[in-house]
1. Of all residues in the range 267-285, count the ones that are surrounded by 24 or more Cβ atoms within 10 Å (Cβ to Cβ) and either under 10 Å from residue 147 (Cβ atoms) or within 15 Å of ligand 1 (Cβ to nearest atom) (or both).
2. Could you check the range 96-196 for strands (runs of 3 or more DSSP E) lying wholly inside it with 2 or more residues that are free of Cβ contacts under 8 Å to residues at least 24 places away in the same chain and crowded, with 21+ Cβ neighbours inside 10 Å?
3. Take the range 32-72 and flag every residue that is under 21 Å from the mean Cα position of the chain (by Cα) and part of a helix (DSSP H, G or I).
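Laboratory data are not the source of any read-out in this text; all were calculated from the coordinates shown. Keep in mind that what you see is a predicted model, and the values were worked out from it rather than measured. Using ideal geometry, Cβ is built from the backbone for each residue, glycine included, and neighbour counts are taken over all protein chains shown.
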Ligand SMILES: O=P(O)(O)O[C@@H]1C[C@H](O)[C@@H](CO)O1
Ligand SMILES: O=c1cc[nH]c(=O)[nH]1
């Protein structure tokens, strides 16, 4: 059994205090200073090939989500909402040179896809955080706008995460580093979550709550589904697990929030997770709503975040 270590690079270190003063993004890797060039391979960007400060230096809001189409749609929507000049349909994919992720920049807003699951979002976040650092961005807010399965709440409800928990309902993320397990905290920004809840009250067009979000390594057995290709538990065991999750404060389940919270916290980014629920897992496992309904649900976190961004920019 590998030893479980407390992460030494916790939020109480001096670097994080200085973040509060200067607003820069932290990079906690001394080896990076020795690199003559930093290639952000999965973005097809680099410090020698691109002028990152002039391309990204004005970024203040980063929104991330699983699907490239959703993040493109969000970029077009934000273009419209911020009343920016130019044809929103011309918003280009900055990562067009690779098909790993898509990235769109609209004024001070960056919209990026991260694929499905912890490994995929983790790779994206390493490169994104380095990008923000190289670009000398300051006071950046980052928000994951995703989909999820709800527990005991009406489908279509938007859940703003207060704390991301693992499959054992623990507020932590375990990263295997070499042959050790490093445990990192999964704190999110409390004030940001409250501000987002307040925005939702002002829009008042869909139910929004604050709750714990459980992050799993799998969509099927890992989320207690009975409809995967494999299933090694009974219906009763499934319900007993989901009820326990509910009792511990979990209101939705997705697949990225713990690593997202852990990495953003360590790097001094103000972060939130805002996911719409596509179904109530106490009523079933299959996502059976119509395409139109699911599309409308997916727009809800986008509407909320657009409202928040406009408010921050004094545009609402
Ligand atoms: O941002 P998305 O909607 O991709 O997040 C959830 C979690 C998984 O990535 C995926 C599973 O359908 O949806
Ligand atoms: O049930 C669901 C729905 C969306 N995403 C998930 O991870 N789970």
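1. Residues in the range 267-285 being surrounded by 24 or more Cβ atoms within 10 Å (Cβ to Cβ) and either under 10 Å from residue 147 (Cβ atoms) or within 15 Å of ligand 1 (Cβ to nearest atom) (or both): 8 in total.
2. Once the strands (runs of 3 or more DSSP E) in the range 96-196 are filtered for at least 2 residues that are free of Cβ contacts under 8 Å to residues at least 24 places away in the same chain and crowded, with 21+ Cβ neighbours inside 10 Å, nothing remains.
3. 41, 42, 43, 56, 68, 69, 70, 71, 72
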